[in-house]
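See structure below.
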Amino acid sequence: MASKLYGEWSEARKVCVIGAGTMGSGIAAHLCNLGFDVSLLDVTRDAATEAFAKAKQARPPHFYLPERSNQVHLGGIAENLDWVAGADWVCEAIVEKLDIKRSLFEKIEPVLSPTAMISTNTSGLQMELLAEGRSDSFRKRFMGTHFFNPPRYLKLLELIPTASTDKAAIEAMTKFLEEQCARRVVVAKDTPGFIANRYGMWSMFHAIHSAEKLHLSVEQVDAITGPFLGRPRSASFRLNDLVGLDIMEDIAANLIERCQHDPNRAVLQLPASMHTLLQRGWIGEKAGQGYYRREGKELLCLDLQTLAYRQKLDVRFESLDGISKLPLGERVAKALEFKDEAGEFLRTHLVPVLQYAEAVKEEISHSHQDVDRVMKWGFGWEMGPFEMIDAIGPDKVGLAGKHYYKGKTQATFHGGFTAIKAEPQFASLQDFQIVSKAENHQIRDLGDGVHAVCLTTKQGVITTALVSELTRFFDGCKFDRMLLSSESKNFSVGFDLNFFLTAIQNVDVQGIDKALIALQKLGELIERYSIVAAVQGYCLGAGHELALSCAHIAASGEAQIGLPEARVGLIPGGRGTVLTRIFNQSKDNTAQRLAEVAMNVAEGSVGNNADHARSLGIIRPTDITIYHPDRLIGDAKRLVLTALPTARPAWRTPDGPMTGMIERLMQEARTAGRMSEYDEVIGNKIKQVYAKSESYEDALERERAEFLELCFRALTQARIKHMLENGKPLRN
């Protein structure tokens, strides 16, 4: 009976989040993005409305599309308690106070569905104490779901069961969260701070103490503990500001109180600089100042000696620059031997941090991999502490004789090695065998008769050589089902602008036209096959034109997709203008919709996520969003196993005066300051293709002709040069 009950959790669609604060609203928004029917309760409906209004203005935004916020039902606990009764999952996210949470559970248990999931979002309260006094039915289903903030962007979720939680419920909840909620789950022990805050917060405090001890500046420490150490650019002190010094203080105080057995807990005492900042109310990003403060375009930095702000210094360590291209473990091993300030800081900070992981691992986690995953998925580390120890060399960090990973096995806590569980659903391209290589692309075998055609150019840039290679490949391709992807973190940043600039300077009209024809014909070749474009990162310009040629696009939720050619004074010339016109025409889509899409192309609009790109008409309604950040390749492969080549829709002329509609929208954009006079020139080129073409073939010719005409305008050339030199568009 229990297994049947928990088996139904995978079908859950109704979620009631209780607590509309920062975390509760963020969780509600994340689940709403995924298509759940979400209700959000607070003390009163007014309190929920007021708190959620702040969430709707959050930056970075919680919602993929702003209008989705209207789908979250807002209510008060007293007047809308029946919403709890109808929920498949009740996720409590109220204030981090044990007695208040327990009081809420007592109130909701009588109305809670006997089959519902019930969890608490907490960063460190003890699950066992939270479940005290509840029924056996409640306790068997109850566990902690520690989301990371902001939930949309951080994939880690620590799942914390109690001793009473049914094992089958833990397994079912893990499956639900990973398959339906776009999370990567680590099951943690019910200990203070779990894994993330016990180890991660200790590491954050240790960096501040080390800086103060060595009299290093904020900038120096952040120059060491960012990308050089395989960590995000937020490094140490910027991360402190983002988390919030008040939050750090609360977590540290809780850990100090509950971890009196830990001989290393003194690290969690407030550093002098943090104590001063907290006294002044300068608690980080949400207060506008912490270790950093922005004044206009200028970034100020706290001087750790004077505790006053000064202009931020540009700090570089020549010693680190000289080894920065080495693999992470190798470069850190070398840096630990340096006699400069960088080496001294790493010996003072990194070595104890790695040793602390060894000291607390068994208390807080079930495996070395779990600790590593928390730090990678929750903190953005390239390597977790045990992976790094192996990579540096255990003897170099005072852990001689320790080894944590061998091949596909990991060390157990009590000796010997055990197999690491295979997770094919989370496989990346690099997990699959390369079966052939060319200069600009390679083929990987994904199994089940599916092959991945992977771009290998830098950032997936489209070059004439790549177009020629792919044309030859697809012209005689024997594979039935394929993915089109990229070995880069970006699918493609578009066509090589240097090619066009050189051709323009040489007045090589024929060369440009030939390149455009080749790109258009490559897209037509791709249309013949069962191909899914697996898109991540940037998917722009010519890269997106090739993706649109595939039967389907499977786009990572955070992919930034668009045709920004207008920003460099051009129009999409590899069928992008034509395909957006064709894919947005239908019996239901009037000339008005086509005019709106034409404007989006004319303005060089880029969707800041896959759903936004779909709303702009840049991808098709039939293209899918993969919200889980680690399931792109697996889900795209499943799609290609069922996807068939789709016939390109026939060209049709919609009812309505499209020309006039486009002109009116351009005039409105000019009046609003969104378009310059030259932007309008580009918009008129789009209009020619959209409204004047009489057939698909005619549209292709117009697209190339208008592209060529723009190439030899001075303002276009200025835009291309500015983009190449500065990496930013020029508005002229």
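The values are calculated or read from the model by the stated rules, or taken from the named source; none is laboratory data. None of the values given here were measured: they were computed from a predicted structure. Virtual Cβ from ideal backbone geometry, glycine too; neighbours counted across all protein chains shown. Heads up: the accessible areas ignore ligands, DNA and RNA and are worked out on the full protein's heavy atoms, side chains in. Shrake-Rupley method; radii C 1.70, N 1.55, O 1.52, S 1.80 Å.
Viscosity 0.692 mPa s, temperature 37 °C: give me the Stokes-Einstein translational D for the range 319-361 in µm²/s, with Rh taken as the Kirkwood radius over C-alpha pairs.
Result for D is 300 µm²/s.
To the nearest 10 square angstrom, what accessible area does SER549 show with a 1.4 Å probe?
Spelled out: SER549, probe radius 1.4 Å, area about 10 Å².
Quick one: if you stick a label point 7 Å off each Cα along the C-beta vector at GLN592 and GLU249, how many nm between them?
Placing both labels 7 Å along Cα→Cβ, they lie 5.4 nm apart.
Compute the distance in nm between two label points, each set 7 Å from the Cα along the Cα-to-Cβ direction, one at GLU709 and one at THR115.
Each label point lies 7 Å from its Cα, and together they span 6.4 nm.
In whole Å, largest first, what are the principal axis extents of the Cα atoms in the range 1-158?
Answer, in whole Å and largest first: 41, 32, 30 Å.
Could you tell me which GluC sites (Glu not before Pro) in the range 131-199 are loop residues by DSSP with no more than 16 other beta carbons within 10 angstrom of their beta carbon?
GLU132
Convex hull volume of the Cα atoms in the range 66-116, per residue, in Å³?
Taking the convex hull of the Cα positions in the range 66-116, it is 98 Å³ per residue.
Quick check: residue separation of SER428 and GLN667 times 0.36 nm, minus the Cα distance between them. What number comes out in nm?
Working it through step by step, the gained length comes to 81.4 nm.
Can you tell me how much longer the chain between ASN264 and VAL95 gets when fully stretched, taken as 0.36 nm per residue apart minus their C-alpha distance, in nm with one decimal?
Between ASN264 and VAL95, full extension yields 58.0 nm more.
Between the range 412-439 and the range 554-601, how far is it from one alpha carbon centroid to the other, in angstrom?
That distance is 38 Å.
What Kirkwood hydrodynamic radius, in Å, does the range 619-689 give when the mean of 1/r is taken over all pairs of distinct Cα atoms and then inverted?
This gives a value of 16.1 Å.
In whole Hz, what ³J(HN,Hα) sequence does the range 292-304 give by Karplus (6.51, -1.76, 1.60; θ = phi - 60°), x for Gly and Pro?
10, 9, 9, 10, x, 8, 9, 9, 9, 9, 6, 7, 6
Based on alpha-carbon positions alone, could you give the equivalent ellipsoid semi-axes of the range 144-234 from the gyration tensor, as √(5λ), descending, whole Å?
The three semi-axes for the range 144-234 are 34, 16, 8 Å.
Would you please give the residues with an amide H less than 5 Å from that of VAL461, counting only those at least 5 places away or on a separate chain, with H modeled from the backbone geometry?
Distant-sequence amide H within range of VAL461: VAL493.
Rounded to two decimals, what is Rg over Rh for the range 81-152 when you use alpha-carbon atoms and the Kirkwood radius?
Dividing the radius of gyration by the Kirkwood radius yields 0.94.
Considering all projection directions equally, how large on average is the shadow of the alpha-carbon convex hull of the range 223-325, in square nanometres?
8.3
Loop only per DSSP, at most 15 neighbouring Cβ atoms within 10 Å: give me the chymotrypsin sites (Phe, Trp or Tyr not before Pro) in the range 150-205, ordered by residue number.
Answer by residue number: TYR153.
Over the chain, calculate the relative contact order: mean separation of alpha carbon pairs under 8 Å at least 6 apart, over the residue count, as a percent.
It rounds to 8 percent for the chain.
Can you tell me the equivalent ellipsoid semi-axes for the range 397-493? Use √(5λ) from the Cα gyration tensor, largest first, whole Å.
37, 17, 10
Quick one: accessible surface of LYS213, probe radius 1.4 Å, all protein chains present, in square angstrom to the nearest 10.
Rounded to the nearest 10, the figure is 140 Å².
Kirkwood Rh over Cα pairs of the range 464-613 into Stokes-Einstein at 20 °C, 1.002 mPa s: D in µm²/s?
134
Counting only helical runs of four or more DSSP H residues, what would the 222 nm mean residue ellipticity of the chain come to if each run contributes -39,500 (n - 2.57) and the total is spread over all its residues?
Computed mean residue ellipticity for the chain: -13000 deg cm²/dmol.
Based on alpha-carbon centroids, what's the gap between the range 114-146 and the range 186-202 in Å, whole number please?
Taking the Cα centre of each part, the range 114-146 and the range 186-202 sit 17 Å apart.
What distance in nm lies between label points placed 7 Å from Cα along the C-beta direction at THR412 and HIS275?
4.7
Under 16 Å Cα to Cα from LYS101, which aspartates and glutamates show up? Leave out anything in the same chain fewer than 8 places away.
Cα-Cα hits under 16 Å: ASP42, GLU92, GLU109, GLU128, GLU132.
Kindly state, to the nearest 0.05, the FRET efficiency for TYR696 paired with LYS489, given R0 = 41 Å and r defined as their beta-carbon distance.
Calculated value: 0.75.
So which lysines pass the test for LYS213, namely a Cα distance under 26 Å, with those fewer than 8 places away in the same chain ruled out?
The qualifying lysines are LYS312, LYS334, LYS339, LYS396.
Report the normalised scattering of the chain as log10 I(q)/I(0) at q = 0.07, 0.08, 0.11 Å⁻¹, calculated by the Debye formula with identical scatterers on the alpha carbons.
-0.57, -0.75, -1.32
In the chain, what percentage of the DSSP-assigned beta bridges are antiparallel, given to the nearest 5?
Within the chain, antiparallel bridges account for around 40 percent of the total.
Give me the extension gain from LYS402 to LYS175: residue separation times 0.36 nm, minus the current Cα-Cα distance, reported in nm with one decimal.
Net length gain for the segment: 78.4 nm.
Ranked from the most accessible area to the least, with a 1.4 Å probe and all protein chains present, what is the order of GLU469, GLU11, GLU79?
GLU11, GLU79, GLU469
Keeping every protein chain present and rolling a 1.4 Å probe, give me the accessible area per residue for the chain in Å².
42
At a 1.4 Å probe radius, carbon and sulfur cover how many percent of the accessible area of the chain?
50
Report, by chain and number, residues whose modeled amide H sits under 5 Å from the one on GLN560, excluding near sequence neighbours (fewer than 5 apart, same chain).
Excluding prolines and chain starts, which carry no amide H, the hits are GLY537, TYR538, CYS539.
Only sites in a loop by DSSP and with at most 11 other Cβ atoms within 10 Å count here; which chymotrypsin sites (Phe, Trp or Tyr not before Pro) in the range 406-467 make the cut?
Here the sparse-neighbourhood loop sites are PHE413.
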